[in-house]
Amino acid sequence: MSATFIGMPAFPEAARRAVRDPVLRENLRHATHTIRARRARAVGELSDWAELREAGRRIKEHTLRHLDRHLVRLEEAVTAAGGTVHWAADADEANAVVTRLVKETGESEVVKVKSMATQEIGLNEALEAAGVRAYETDLAELIVQLGRDRPSHILVPAIHRNRAEIRDVFVREMGAWGRPAPEGLTDTPAELAEAARLHLREKFLRAKVGISGANFMVAETGTLVVVESEGNGRMCLTLPETLISVVGIEKVVPTWRDLEVFLQTLPRSSTAERMNPYTSMWTGTTDEDGPRAFHLVLLDNGRTDTLADEVGRQALACIRCSACLNVCPVYERAGGHAYGSVYPGPIGAILSPQLRGTGSDIDASLPFASSLCGACYEVCPVAIDIPEVLVHLRERVVEGGPAVRRGNRVVLQPARGHAAERAAMRAARWAFARPGALRAGQRLASRTRGLAPRTLPGPGRAWSGTRDLPAVPAEPFRDWWQRTRGGKDGAE
């Protein structure tokens, strides 16, 4: 995975800065609560939502178990339809392939559909280094690009910006990228949307190369699918002469019929719509219809390493709906930038450390960026057990252990800064495995309850700094039970 965001501080420090920004907090609170409420209403309309969710989970689980077979079938179908398939093991290979393909056209500009895969590999920066300028055409991505910003949400990358801030970005930056903002532009949504439309229209009509991702790839037919709400994707996918799609290998589904499930669950979970306003599908090339050349770049970049983890591989089932972000109390307060990745929120906390590894401070801290409340699991349309994966990755960070990196089995060393936690957990394991020692410790704690501190010393201060330590009871539960029940019903 790209190192674009590496170098940021660990999540606790980045989040601490974010929660001190009252404008950011208000923007996030308003947006997430609005999307959350709309999604709940949209999902509530379906009496078979639970069955659809289970169907989506099973399709994804089956696909990941047989991913090699489905990818080969996809390559054969895309090639038979007139497309060309390229395989990229990592970000550098993917960027090199795309840069070469653009250079071969002789063009120095490309238009882009919103794509998290291309953000993951830092494609815009790679193209810029090669003298090619990439123009984002999704409205929110355009705001982020013009503001020299970073996305902070999967569905709404500019969720951290309010209308006044967007208006200022348009007035200040649009002219340097193309058509300037209209005179007297206000911050009303209609005027902002019209300014973006006018700015982008000339780029759509001029561009010869389009770059996209895909929400799904159908192995059966070689069809790629993009769902979006604005129509910019339709323009990028149909007007250019050359189309290059960069897609993670986990986005494949076996058959056309499988789309029926996801085209119901994705829009309701993401935009709270019954169906997407624009659902674009393309299969290879067709004479006099759409691009004359189509290239599919299949991106690994840590995905097969993640697939080797029987618990962690659940993260690859994600369909990028962002529902988990909108219900997460941690994301609502910290925002997306604190996660140091294009994948923020609960899904980012389990996906990024697996794609990038846990060698950096930010990635080692992400599995701890959660209260484990379980709300993310409850809303996930493919039933990814995010809390289970978070706990699994926390164990990997603290204890180290076997993992797969770049296709090789390795033994990870414990991350720095967790020595006290490891010692405490090992002591607890020793005590819980010895009932006599546990009983003696409980009685000792009860008799010295008057000496219990209000805060923990040393590394424990980070925990007790935001929580009240529970009072030590006057007697252990075992003693209370023995005294009140007299050892009946198998006590002791």
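Tabulated data for the structure shown
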read-out	value
Among 396-404, 463-471, 283-291, the order from most to least packed when residues are scored by Cβ within 10 Å on average	396-404, 283-291, 463-471
Mean projected area in nm² (Cα convex hull; one quarter of hull surface) for region 1-136	13.1 nm²
Between helix 189-206 and the chain: long-axis angle, C-alpha atoms, 0 to 90°, nearest 10	50 degrees
Portion, in percent, of the accessible area of region 430-491 that falls on carbon or sulfur, probe 1.4 Å	59 percent
Share of carbon and sulfur in the accessible heavy-atom surface of region 1-78 [1.4 Å probe, %]	52 percent
Segments 109-116, 270-277, 322-329 sorted - mean Cβ within 10 Å per residue, highest first	322-329, 109-116, 270-277
Listed residue (A317, A219, G184) projecting farthest to the positive dipole end of region 178-318, Cβ model	G184
The chain, accessible area per residue, ligands and nucleic acids excluded (1.4 Å, Å²)	48 Å²
Furthest towards positive pole of dipole, P435, V411, I386, structure part region 385-442, Cβ charges	V411
Over region 362-461, relative contact order from alpha-carbon pairs under 8 Å, at least 6 apart, %	15 percent
Net charge dipole size for region 191-254 [Lys, Arg +1 and Asp, Glu -1 on Cβ; Debye, nearest 20]	220 debye
On Cα atoms only, tilt of 91-105 relative to the major axis of the chain in degrees	10 degrees
The chain - percent relative contact order, Cα under 8 Å, separation 6 or more	19 percent
Rounded tilt (10° steps) of 22-44 against the dominant C-alpha axis of the chain	80 degrees
Cα-based reach from K251 at 29 Å (exclusive), listing lysines while leaving out same-chain residues under 8 positions away	K60, K103, K112, K114, K203, K208
Mean Cβ count within 10 Å, highest first, over the residues of peptides 252-259, 357-364, 424-431	357-364, 252-259, 424-431
Cα-Cα P(r), the chain, percent of pairs per 20 Å interval	21, 52, 21, 6, 0
Tail beyond 22 Å, pair distance distribution of region 256-334 (Cα, percent)	53 percent
Rounded to 5, the percent of DSSP beta bridges in the chain classed as antiparallel	40 percent
Nearest-20 debye value, the chain charge dipole, Cβ charges on Lys, Arg, Asp, Glu	2420 debye
Cys with no candidate disulfide partner in the chain (beta-carbon separation under 4.7 Å rule)	C236, C318, C321, C328, C373, C380
Pairwise centroid distance, computed over Cα atoms, of region 60-82 with region 212-278, Å	16 Å
Hz values of 3J(HN,Hα) by residue in region 233-249 - Karplus curve (6.51, -1.76, 1.60), Gly and Pro given as x	x, 4, 5, 5, 7, 10, 7, x, 7, 10, 10, 10, 10, 10, 9, x, 5
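The values are calculated or read from the model by the stated rules, or taken from the named source; none is laboratory data. None of the values given here were measured: they were computed from a predicted structure. Counting neighbours? That spans all protein chains shown, and the Cβs are built from the backbone with ideal geometry, glycine included. Only protein heavy atoms, including side chains, enter the accessible area calculation; ligands, DNA and RNA are left aside. Shrake-Rupley method; radii C 1.70, N 1.55, O 1.52, S 1.80 Å.
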